[in-house]
Every structure is written in structure tokens, then in C-alpha cells.
Amino acid sequence: MSAEMLAFGPVPSRRLGNSLGINHIPAKYCTYACVYCQVGPTHPLTLRRQTFFPAVEVARAVAGKLSRAQHAGQNVDAITFVPDGEPTLDLNLGEMLAILKPLGITLAVITNGSLMWNAEVRAALLGANWVSVKVDAAHERVWRAVNRPHGRLSFEQVMDGIRTFAAEFQGTLVTETMLVDGVNDSDAEIDTLADFLAEVQPDEAWLGTPIRPAVDPWVRALPDERLFTVARRAQAQVPVLRTLGAEPESGFVLTGDPLDDILAITAVHPLREETLLAMLRARGEGAPWLEAQVVAGRLRRISYRGTDFYLYDWERGKEKRKP
Ligand code: SF4
């Protein structure tokens, strides 16, 4: 991953407002290989924490993006570690949070929580103001089916790690559950999951379903009706439970070079065609420009639930970022 892709946005987030993203993990180092992952197949599937980029380099990328956002009249409500991999695999996470703290902007981390049993990981995350942790399953068999964890991860240890972190963390703790039709949405699974969430007591618990193309083509989203039924069932135990539906993609803007901005955003967040065209119109570009990126192998077009999405093409894009 190139240095100019270390920071992206700001992009609109329903939970965080206008969020400037940090992508500090090369695609796609992760401890999980979730069936619904939208950033491609996990490789390597690893538990080895390591250094990827110097913390100062990330801080410089953030400062550059903040300055461009300011010039474009864009607010930044949060700086979010949302890489296309698992952020706690980065040994520099704690140092990066410490360097960014003086900016006085909410520091958010979106993690799968699989390494929270590790005291060093928890210590790093304590430097954030807002942490979102993934809780997709409450039974080991379902966890293995939906998250496809690294073979040396223990389900009990992962759940205990999340409990411990929840008890230690003084900031805003959010849980995120992605429901896949026929995989982790049975009534029995939802009831046990709600028990776990009630124990962890997050400030907010979000239920979602894959609304963007997933790594496994058989993955299906829950119909809205089923998602709301599930939410109502769990809300009896977890009143702070909310649903993440098909959010309108409004508020995406280009602050710098269109190609760099679009590649950086689509590396972690596939965008609908209509969203990209609206962003490009502001720069006097349109469908031919988009098509050229597809032909050149920088972007990949995927049709999902009747809508065309565009993703950074990791396989072909690495060598073809520049015109
Ligand atoms: S969804 Fe997140 S945790 Fe799951 S494989 Fe993708 S990057 Fe890893």
C-alpha cells in the first residue's frame, strides 16, 4: 500500500458523522476471513502483530487530509482506524493514537475484537475515544461459520477478551453484528447473542446485514422485515440496539486528486455507481472516466442486489495506480 492511501476521506458515517479514515494495514492482513467481508479474501490469515508503517508517517498523512478537508470546507468529526484488515495487528496502534490525541478530534477504532484477550492490545485501544467491536456470533460453531477465524484463536478467549475490555474502557463502546441470511440469524443465536451484549453493556449495539458485495458470492443479506424482527427480539434485552440499513451514500466529496481519493475510499468502502458519478460531476468528469479506471484495472465493477458497485482492484490495481 502506498503512503498516499494511508488516510482517506472524510467520508460520511452514520455513527461518527464526517469521518477521516486511516488505512494502516495492507490488504488483507486479518485474524478473520468473514464470509461477508467487502474488501476481498484474507491473506494472510494471521495472529502475528507487527509494524506496518511508522506512526509519524500515518500522522503526516492524516495532517495532509485534515488540511485538504479544511480547504474544501469539510468538517471532520472523527478520525477512524478502519483499515482493510484488523487494526489491532498493528504494533504501532497505541503510538498512533497517542500522536493523534492532541488534535482533539474523536479517535475511533473499528476492530473485530479477536485479540482483546491480549493485554497489550487492550492497552493500545484504551487510547481511543470510541471503539466498535464485532460480535457476530454467540456460539463457537456459528462463529467459525461466519468469521472463519485463525485456527489458533479460541472462542472462549475471544469472548472473555471483549468482556474484559468492555469493563476497562471508559470511552464509547459500540458493538457491531453483521447478520447473514441462514448463517447467524436463527432465533436461538439471536437470543444468546443478546444475552452476551446485555452482559457487555455497550453504549450502542448495531445490527447490520451485508448491503455491499461480499467476498463469498453466496452471502445473502437479511430482508429488511427479518432484520427488524430480529432487532425487536434482541431489543428486549439490549434497549440500545439499532439497525444499520441501506444507508444513503450522501456526503462523499473529493478533496484532492480524484484518482487518489477514489482509490483510497474504495479500498475500504465499495461505492455505488451513482455516488461515484455525483462525486465526479463536481470535477467535470463522468461515466467515461469511471469506465477508463475499470479498463485500466484500477477499479473493479461488481453488481450486487441490482446495483453496480466499484471497488479498488487489489489484484490488478497495485501496479496501475498512476495514469
Ligand atoms: S470483515 Fe473485518 S474482520 Fe472480517 S475478514 Fe474483513 S477485515 Fe477481517
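The values are calculated or read from the model by the stated rules, or taken from the named source; none is laboratory data. Everything numeric here is computed off the predicted structure, so don't read it as measured data. Quick reminder, even Gly has a Cβ in these numbers, built from the backbone with ideal geometry, and neighbours come from all protein chains shown. Just so you know, the surface numbers come from the protein's heavy atoms only, side chains and all, with ligands and any DNA or RNA stripped out. Shrake-Rupley method; radii C 1.70, N 1.55, O 1.52, S 1.80 Å.
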**OP:** Report, by residue number, each residue of segment 1-55 that is open to solvent by 10 Å² or more (accessible area, probe 1.4 Å), polar (S, T, N, Q) and within 12 Å of the ligand (Cβ to nearest atom).
**Re:** Q38, T42, T46
**OP:** Would you mind telling me which numbered condition in (1) surrounded by 19 or more Cβ atoms within 10 Å (Cβ to Cβ); (2) among the hydrophobic types (A, V, I, L, M, F, W, C); (3) more than 26 Å from R301 (Cα to Cα) A63 fails?
**Re:** (1)
**OP:** Inspect all residues belonging to segment 223-234 and state whether any of them is in contact (Cβ under 8 Å) with a residue 24 or more places away in the chain, open to solvent by 20 Å² or more (accessible area, probe 1.4 Å), farther than 19 Å from L311 by Cβ and not in a loop (DSSP other than H, G, I, E, B).
**Re:** yes
**OP:** Of all residues in segment 264-279, count the ones that are aliphatic (A, V, I, L, M), farther than 15 Å from E291 by Cα and outside any helix (DSSP H, G or I).
**Re:** 2
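Restricting segment 135-155 to residues that are of a type in the set (G, A, S) and either surrounded by fewer than 17 Cβ atoms within 10 Å (Cβ to Cβ) or within 14 Å of E86 (Cα to Cα) (or both), which is nearest to the ligand (Cβ to nearest atom)? Show your work before the answer.
Filtering segment 135-155 for residues of a type in the set (G, A, S) gives 137-138, 145, 151, 154.
Cutting the leftovers down to either surrounded by fewer than 17 Cβ atoms within 10 Å (Cβ to Cβ) or within 14 Å of E86 (Cα to Cα) (or both) gives us 145, 151, 154.
Details: A145: 13, G151: 15, S154: 17 Å.
In this case the residue turns out to be A145.
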Original post:
If a residue has to be in contact with a helix residue (DSSP H, G or I) (Cβ under 9 Å, 6 or more places away or on another chain), within 13 Å of the ligand (Cβ to nearest atom) and modelled with pLDDT of 95 or more to count, how many in segment 76-88 make the cut?
Top reply: 3
Subject >> Qualifying residues in segment 156-181 (those that are of a type outside the set (V, I, T) and within 15 Å of the ligand (Cβ to nearest atom)) - the one nearest to A108 (Cα to Cα) >> reply: E176
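One line per residue, one yes/no per condition, for (1) of a type outside the set (A, V, I, L, M); (2) free of Cβ contacts under 8 Å to residues at least 40 places away in the same chain; (3) in contact with a Cys (Cβ under 9 Å, 6 or more places away or on another chain):
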position	(1), (2), (3)
L100	no, no, no
G104	yes, yes, no
R122	yes, no, no
W130	yes, no, no
D136	yes, no, yes
D187	yes, no, no
Original post:
Quick one: G245 ticks every box in (1) farther than 30 Å from A69 by Cβ; (2) at pLDDT below 90 bar one, so which box is it?
Top reply: (1)
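Looking at the structure I just gave you, is L107 open to solvent by less than 30 Å² (accessible area, probe 1.4 Å), farther than 24 Å from Y310 by Cα, within 16 Å of the ligand (Cβ to nearest atom) and under 17 Å from the mean Cα position of the chain (by Cα)? Talk me through it step by step, then tell me what you get.
Details: open to solvent by less than 30 Å² (accessible area, probe 1.4 Å): yes; farther than 24 Å from Y310 by Cα: yes; within 16 Å of the ligand (Cβ to nearest atom): no; under 17 Å from the mean Cα position of the chain (by Cα): yes.
No, not satisfied.
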Original post:
Out of (1) in contact (Cβ under 8 Å) with a residue 60 or more places away in the chain; (2) of a type in the set (A, V, I, L, M, F, W, C); (3) farther than 19 Å from R232 by Cα, the odd one out for A166 is which?
Top reply: (1)
Subject >> Cβ-Cβ under 6 Å pairs, at least 6 apart or on other chains, segment 30-41 side among the charged types (D, E, K, R), far side near the ligand (Cβ under 7 Å from one of its atoms) >> reply: none
**OP:** Kindly indicate whether any position in segment 297-309 is of a type in the set (S, T, Y) and modelled with pLDDT of 80 or more.
**Re:** no
**OP:** Please enumerate the residues belonging to segment 110-134 that are basic (K, R) and within 11 Å of the ligand (Cβ to nearest atom).
**Re:** K134
**OP:** Being in contact with a Phe, Trp or Tyr (Cβ under 9 Å, 6 or more places away or on another chain), open to solvent by less than 20 Å² (accessible area, probe 1.4 Å) and over 14 Å from G208 (Cβ atoms) is the filter here, so list the residues in segment 118-132 that pass it.
**Re:** V121, L125, A128, V131
Original post:
Among the residues of segment 254-265, is there at least one that is out of contact with any strand residue (DSSP E or B) (no Cβ under 7 Å at 6 or more places or on another chain) and within 25 Å of R141 (Cβ to Cβ)?
Top reply: no
Original post:
Which pairs have Cβ atoms under 6 Å, sit 6 or more apart or on different chains, and link a residue in segment 197-222 that is without any contact (Cβ under 8 Å) to a residue 60 or more places away in the chain and assigned to a loop (DSSP other than H, G, I, E, B) to one that is open to solvent by 30 Å² or more (accessible area, probe 1.4 Å) and away from the ligand (no atom under 16 Å from the Cβ)?
Top reply: D203/T172; R220/D181; L222/D181
